[in-house]
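The values are calculated or read from the model by the stated rules, or taken from the named source; none is laboratory data. In this text, all values refer to a predicted model and were calculated from it rather than measured experimentally. With ideal geometry, Cβ positions are generated from the backbone for all residues, glycine too; neighbour counts draw on all protein chains shown.
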């Protein structure tokens with residue numbers, strides 16, 4: 001596999017020229033660019049999935065330039081899982097040497113909830129990077145997609161000149177967005193006092209890849225970690241693992257590593273068995289997508305026979321990816337979402353209209369696919385029992401859901 005490097009790309013984390021292309025999904029829209037009208041031009045960028053043959057990390061090749069990921073809508077927000085944060089705050093509070101007088105730094109707004117919990121436990125000296133002051137980002141609407149690209153060795157050295165170093169740095173749900181992970185991680189190291197801790201959290205993609213969840217792919221996520229690639233790649237990046245936790249969730253677990261800088265350690269590459277298992281995971285995922293496309297299409301056609309209608313609940317990036325990757329635009333009549341800002345817009349790529357949930361009854365929908373969290377699935381089903389009583393069916397696009405599509 002690695003004998004001809006001319007067709008291989010450089011890994012976004014381990015930096016070895018060993019990334020093999022697994023599948024090119026063609027030009028795809030940016031999921032946060034909802035359309036005001038269905039007609040007209042649309043920005044698209046190639047979505048290409050690859051995998052490193054040295055460290056096993058699944059990743060996007062030729063990612064969308066950061067500036068093109070900035071949404072034109074300032075009301076878009078992404079919610080991260082927080083049910084584990086009380087437990088995580090307790091774990092951090094028990095770390096050796098982390099006294100209440102210690103300084104704790106954070107990277108983005110995604111860390112605010114954990115910082116509040118640490119303050120409640122007596123840690124008063126906390127701060128978070130300010131995009132304009134610390135990273136010279138002038139765009140008030142810029143979020144993770146821009147912040148990740150501004151964090152590196154040079155920028156964080158400048159930050160320490162004004163803020164000083166910290167005893168702990170927290171980075172939740174940012175690493176997977178980073179285009180240059182080795183530089184991002186090197187930047188975090190610069191913010192630390194010697195012996196300090198870095199807390200890194202990423203989503204666990206293993207279950208999604210193993211179950212063939214097409215919606216796992218998203219242009220904003222450059223890397224797709226599993227427990228094995230997450231821990232091993234932090235070691236490759238020069239960190240010593242102090243503690244590792246996998247916090248379980250119904251659809252996607254949260255992986256947390258508490259690490260320290262390994263000053264003179266050697267890079268620890270995955271053993272052959274682990275690497276072989278990870279490479280097989282990537283190959284199996286892409287092989288199963290073609291079969292899944294046929295099965296889902298046949299499933300939806302059964303509901304559309306005789307003039308039935310199919311809707312999809314949840315106008316987020318999961319729905320956008322699922323429809324566009326599997327080519328389902330012609331099989332779905334409209335998208336349902338009760339967010340007041342989304343109603344009346346059209347989905348990127350498929351250009352399907354977004355209606356409120358009253359349309360489930362008004363439009364006589366037979367099948368409503370669910371593109372939601374596990375908790376939200378149950379709430380939506382409970383709230384729309386009139387739809388169920390009339391014979392309507394709810395089915396989740398997530399293979400891990402208890403409401404998953406039965407094909």
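Scan segment 18-29 residue by residue and report those that are buried (at least 16 other Cβ atoms within 10 Å of the Cβ) and over 18 Å from residue 327 (Cβ atoms). Within segment 18-29, 18, 19, 20, 22 meet the criteria. Residue selection: residue 317 fails the criterion of being in the same structural domain as residue 383 (by TED's automatic domain parsing), farther than 21 Å from residue 221 by Cβ and surrounded by fewer than 22 Cβ atoms within 10 Å (Cβ to Cβ). Annotation note: Cβ proximity below 7 Å between a residue of segment 239-256 that is under 13 Å from residue 374 (Cα atoms) and a residue that is in a strand (DSSP E or B) (sequence gap 6+ or interchain) occurs for 252/203; 253/246; 253/247. Looking at (1) over 18 Å from residue 246 (Cα atoms); (2) more than 24 Å from the chain's Cα centre (by Cα); (3) surrounded by 14 or more Cβ atoms within 10 Å (Cβ to Cβ), which is the one condition that is false for residue 95? Just one mismatch for residue 95, condition (1).
Only one entry of 143, 166, 182, 162 meets the criterion of being more than 23 Å from the chain's Cα centre (by Cα) and farther than 22 Å from residue 243 by Cβ, and that entry is 162.
With respect to the conditions (1) modelled with pLDDT under 95; (2) more than 30 Å from residue 271 (Cβ to Cβ); (3) surrounded by 12 or more Cβ atoms within 10 Å (Cβ to Cβ), residue 138 lacks only one, and its number is (3). Restricting attention to segment 43-76, the residues being loosely packed, with under 15 Cβ neighbours inside 10 Å and either in the same structural domain as residue 345 (by TED's automatic domain parsing) or closer than 26 Å to residue 342 by Cα (or both) number 8.
Filtering 390, 343, 402, 383 for residues that are under 19 Å from residue 209 (Cα atoms) and free of Cβ contacts under 8 Å to residues at least 60 places away in the same chain leaves a single hit, 402. Scanning segment 235-283 for residues that are part of a helix (DSSP H, G or I), at pLDDT 95 or above and touching a strand residue (DSSP E or B) at 6+ places or on another chain (Cβ under 9 Å) gives 278, 279, 281, 282, 283. Residues in segment 151-184 that are free of Cβ contacts under 8 Å to residues at least 60 places away in the same chain, in a helix (DSSP H, G or I), touching a helix residue (DSSP H, G or I) at 6+ places or on another chain (Cβ under 8 Å) and closer than 26 Å to residue 85 by Cβ: 6 in all. Of all residues in segment 106-132, those that are part of a helix (DSSP H, G or I), closer than 18 Å to residue 157 by Cα and without any contact (Cβ under 8 Å) to a residue 12 or more places away in the chain total 1. Within the set 123, 193, 197, the sole residue that is surrounded by fewer than 18 Cβ atoms within 10 Å (Cβ to Cβ) and either within 19 Å of residue 103 (Cα to Cα) or not assigned by TED's automatic domain parsing to the domain that holds residue 249 (or both) turns out to be 193.
Which of the residues belonging to segment 72-115 are touching a helix residue (DSSP H, G or I) at 6+ places or on another chain (Cβ under 9 Å) and within 22 Å of residue 375 (Cβ to Cβ)? Selection gives 78, 80, 82, 85, 86, 88, 89, 109, 110, 113, 114.
Scanning segment 330-371 for residues that are touching a helix residue (DSSP H, G or I) at 6+ places or on another chain (Cβ under 8 Å), within 20 Å of residue 29 (Cα to Cα) and not in a strand (DSSP E or B) yields a count of 9. Restricting 69, 47 to those that are farther than 25 Å from residue 248 by Cα and in contact with a helix residue (DSSP H, G or I) (Cβ under 6 Å, 6 or more places away or on another chain) reduces the list to 69.
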